[in-house]
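The values are calculated or read from the model by the stated rules, or taken from the named source; none is laboratory data. For clarity, every value in this text was computed on a predicted model and none was experimentally measured. Virtual Cβ from ideal backbone geometry, glycine too; neighbours counted across all protein chains shown.
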Amino acid sequence: MGAIGTNVPRLDATEKAAGRATYTVDLRLPGLLHGRFLRSPHPHARILHIDADRARRLPGVRAVVTGADAPAVRHGRVIKDETAFPTTRVRFVGERVAAVAAIDPDIAEEAVGLIRVEYEPLPPVHTPEEAMREGAPVLHEELASYVSEVKAERFGNVCARFLTVQGAGADGFAEADLVVEDSFTTHIAHQAYIEPHCVLAACEPSGRATVWTNAQSPFDVRRVLAEVTGLPESQIRVVVPPIGGAFGGKLYLMDEPQALLLALRAGKPVKLQMTYEDEFLAGYPRHPSTIHLRTGVKANGELVAREARIIVDSGAYAGYGPATAAQIARWIIGPYRIPHTRVEASCVYTNKMNCGFYRGPGHTQAVFACETQIDRVATELGQDPVEFRLRNLEENGPGAPDFRAILRRAAESWGWGKPLPRRTLGRGIAVSHRGSGGRPASAWVRLNNDGTATMYTGTVDLTGSNVALAQVVAEELGLPTHRVAVVSGDTDATPFDSGTNASRVTFVTGGTVRQAAAQVRRRLLELAAESLEASVDDLELQDGAVQVKGTPSRRAS
């Protein structure tokens with residue numbers, strides 16, 4: 001049996017089970033300083049003055065950074081609307097206003113308490129509905145000038161608005177015999193990983209910087225750090241030690257720019273570690289949303305029209321909000337044939353913490369609303385929910401899943417339509433589809449002198465992907481998996497990868513790894529053909545050796 005399909009332990013299983021894994025928080029460097037933030041107590045306020053002199057004079061303090069000391073370079077996952085520290089106003093309770101690095105955590109905490117900030121409180125907006133009302137306080141007055149990766153309408157507190165219409169749009173409801181209308185609300189939810197965000201930044205006399213962080217996308221972190229600090233990307237190394245859970249919450253950088261700015265100013269390594277209080281104040285939880293959904297259907301059960309109005313609460317900054325709104329708009333129709341649709345999706349600024357990724361951003365919210373209403377429409381018509389779905393599922397395109405066969409098999413496998421064994425049990429069914437993420441990947445595979453292989457990838461191992469990638473290499477090279485080593489998550493030691501997200505690593509990076517291993521395999525067979533005086537087509541790789549097919553005696557290690 002080959003490497004693929006065999007049950008092998010994770011490459012880091014023993015290390016983690018024995019408690020020997022070294023996480024970012026465990027790292028120590030000579031002269032290490034401890035960082036702390038002064039965070040905003042206001043949801044919305046103008047910064048009139050910051051006095052950090054007493055903090056700077058406190059014995060043991062090595063650096064203090066405020067917005068006046070940091071580059072005013074904007075960055076952001078989708079829209080560049082954030083700076084390392086605010087200079088004119090704060091937009092949520094918990095926003096970083098200043099940072100301190102000191103020789104001891106207690107001294108850093110004391111120094112933070114010595115910083116005096118004069119605020120002018122401003123009216124906050126707590127919900128998207130408030131933020132979109134006429135006359136509401138505008139959180140980002142320079143929104144029109146922000147660089148954005150998405151093409152979308154933006155105005156007031158709406159940082160992105162998308163509109164898609166198919167068929168007759170809302171006019172398609174004229175064909176309906178029944179119209180069902182609902183509003184669905186999804187709430188903010190933190191990923192609740194065991195390990196909070198942590199970063200350690202150090203600078204060498206040469207000007208090179210190294211940042212250790214528990215981020216899911218080291219190359220994205222390096223790119224943004226270069227933007228914010230002005231250092232060339234080639235002068236920044238980002239290393240990702242083992243991560244204690246992420247689920248999307250560590251996909252965009254957190255305190256890396258602030259840690260690096262402190263390290264540059266202090267000339268010493270600086271560690272910034274969030275507490276769970278910090279996580280719930282300023283993490284990147286799932287976006288809350290409101291989805292107004294209207295569906296029209298004929299008396300015979302044929303779906304004819306759907307209208308959706310989607311509002312995503314992005315918090316104080318755009319983060320991944322515009323993309324989340326676009327994803328909800330994409331999936332709100334579901335896998336159904338609906339000839340007339342109108343979908344409007346808005347991402348809105350509010351005076352709350354920023355939001356981010358969390359396992360299928362946008363998809364989760366959309367499927368909840370879509371499938372709940374599909375059930376209600378079937379009930380209103382007096383039709384069986386499974387049969388109603390089977391009637392309206394879209395036709396299979398090339399390479400698409402056979403939704404009908406899958407739904408029938410699911411329903412039959414647990415007795416849909418048959419009496420439940422007891423009254424305390426319930427039964428429901430839903431249909432959805434989702435693809436793996438894309439974005440570029442690259443990999444190196446090296447065959448070592450001792451017959452082992454080493455695979456290099458920029459991905460970060462969150463769920464055991466390294467062992468899956470090692471199995472791919474082992475399968476191509478005819479090696480047992482334990483003879484394949486993996487180097488990952490280091491921007492100096494590995495080639496570029498887009499990050500660990502959207503269930504893409506095994507599919508996208510795995511495909512890239514397979515191509516790299518296939519090149520090694522091909523070259524190895526060409527060399528062995530000369531040595532064994534055989535055709536390449538007559539050779540095979542097996543158990544760490546090259547041999548002539550059917551003639552095990554003719555082999556080479």
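Given the criteria modelled with pLDDT under 95 and either among the polar types (S, T, N, Q) or within 18 Å of residue 282 (Cα to Cα) (or both), does residue 77 qualify? Judged against the criteria, residue 77 is a match. A search for C-beta distances below 6 Å between a residue of segment 171-183 that is assigned by TED's automatic domain parsing to the domain that holds residue 366 and farther than 14 Å from residue 301 by Cα and any residue that is of a type in the set (D, E, K, R) and surrounded by 14 or more Cβ atoms within 10 Å (Cβ to Cβ), counting only pairs 6+ apart in sequence or on different chains, returns 181/294. Tell me which residues, restricted to segment 281-321, are under 25 Å from the mean Cα position of the chain (by Cα), surrounded by 23 or more Cβ atoms within 10 Å (Cβ to Cβ), in a strand (DSSP E or B) and of a type in the set (Ser, Thr, Tyr). Correct list: 289, 314. When you look at residue 28, is it of a type in the set (Lys, Arg), surrounded by fewer than 16 Cβ atoms within 10 Å (Cβ to Cβ) and within 29 Å of the chain's Cα centre (by Cα), yes or no? Criteria met by residue 28. Listed by position, the strands (runs of 3 or more DSSP E) enclosed by segment 1-100 that each have at least 1 residues that are without any contact (Cβ under 8 Å) to a residue 60 or more places away in the chain and not assigned by TED's automatic domain parsing to the domain that holds residue 347 are 61-66.
Here is the figure for segment 237-260: residues that are over 19 Å from the mean Cα position of the chain (by Cα) and buried (at least 23 other Cβ atoms within 10 Å of the Cβ) total 3.
Scan segment 110-121 and give yes if some residue there is part of a loop (DSSP other than H, G, I, E, B), charged (D, E, K, R) and either in contact with a helix residue (DSSP H, G or I) (Cβ under 6 Å, 6 or more places away or on another chain) or more than 10 Å from residue 350 (Cα to Cα) (or both), otherwise no. Within segment 110-121, not a single residue is part of a loop (DSSP other than H, G, I, E, B), charged (D, E, K, R) and either in contact with a helix residue (DSSP H, G or I) (Cβ under 6 Å, 6 or more places away or on another chain) or more than 10 Å from residue 350 (Cα to Cα) (or both). Can you say whether residue 129 is farther than 29 Å from residue 227 by Cβ and not in a loop (DSSP other than H, G, I, E, B), as far as the supplied structure shows? So residue 129 fits the description; yes. Scanning segment 220-270 for residues that are part of a loop (DSSP other than H, G, I, E, B) and over 29 Å from residue 360 (Cβ atoms) turns up 230, 231, 232, 267, 268, 269.
Put simply, of 541, 479 the only residue that is in a loop (DSSP other than H, G, I, E, B) and within 21 Å of residue 4 (Cα to Cα) is 479.
Please verify whether segment 512-534 includes one or more residues that are assigned by TED's automatic domain parsing to the domain that holds residue 455, modelled with pLDDT of 90 or more and under 30 Å from residue 356 (Cα atoms). Yes, segment 512-534 contains at least one residue that is assigned by TED's automatic domain parsing to the domain that holds residue 455, modelled with pLDDT of 90 or more and under 30 Å from residue 356 (Cα atoms).
State whether one or more residues within segment 272-280 are in contact with a strand residue (DSSP E or B) (Cβ under 8 Å, 6 or more places away or on another chain) and either in a loop (DSSP other than H, G, I, E, B) or closer than 18 Å to residue 163 by Cα (or both). Scanning segment 272-280, I find at least one residue that is in contact with a strand residue (DSSP E or B) (Cβ under 8 Å, 6 or more places away or on another chain) and either in a loop (DSSP other than H, G, I, E, B) or closer than 18 Å to residue 163 by Cα (or both), so the answer is yes. Among the conditions (1) of a type outside the set (A, V, I, L, M, F, W, C); (2) within 25 Å of residue 359 (Cβ to Cβ); (3) in contact with a Gly (Cβ under 7 Å, 6 or more places away or on another chain), residue 500 misses just one, which is (3).
Candidates are the residues of segment 331-378 that are among the hydroxyl-bearing types (Ser, Thr, Tyr) and outside any loop (DSSP other than H, G, I, E, B); the one that is farthest from residue 82 (Cα to Cα) is 336.
Of everything listed in (1) at pLDDT 95 or above; (2) not assigned by TED's automatic domain parsing to the domain that holds residue 255, the single unmet condition for residue 201 is (2).
Across segment 372-390, the number of residues qualifying as surrounded by fewer than 18 Cβ atoms within 10 Å (Cβ to Cβ) and under 30 Å from residue 318 (Cβ atoms) comes to 1.
When residue 360 is tested against (1) surrounded by fewer than 17 Cβ atoms within 10 Å (Cβ to Cβ); (2) out of contact with any strand residue (DSSP E or B) (no Cβ under 9 Å at 6 or more places or on another chain); (3) under 30 Å from residue 159 (Cβ atoms), only condition (1) is not met.
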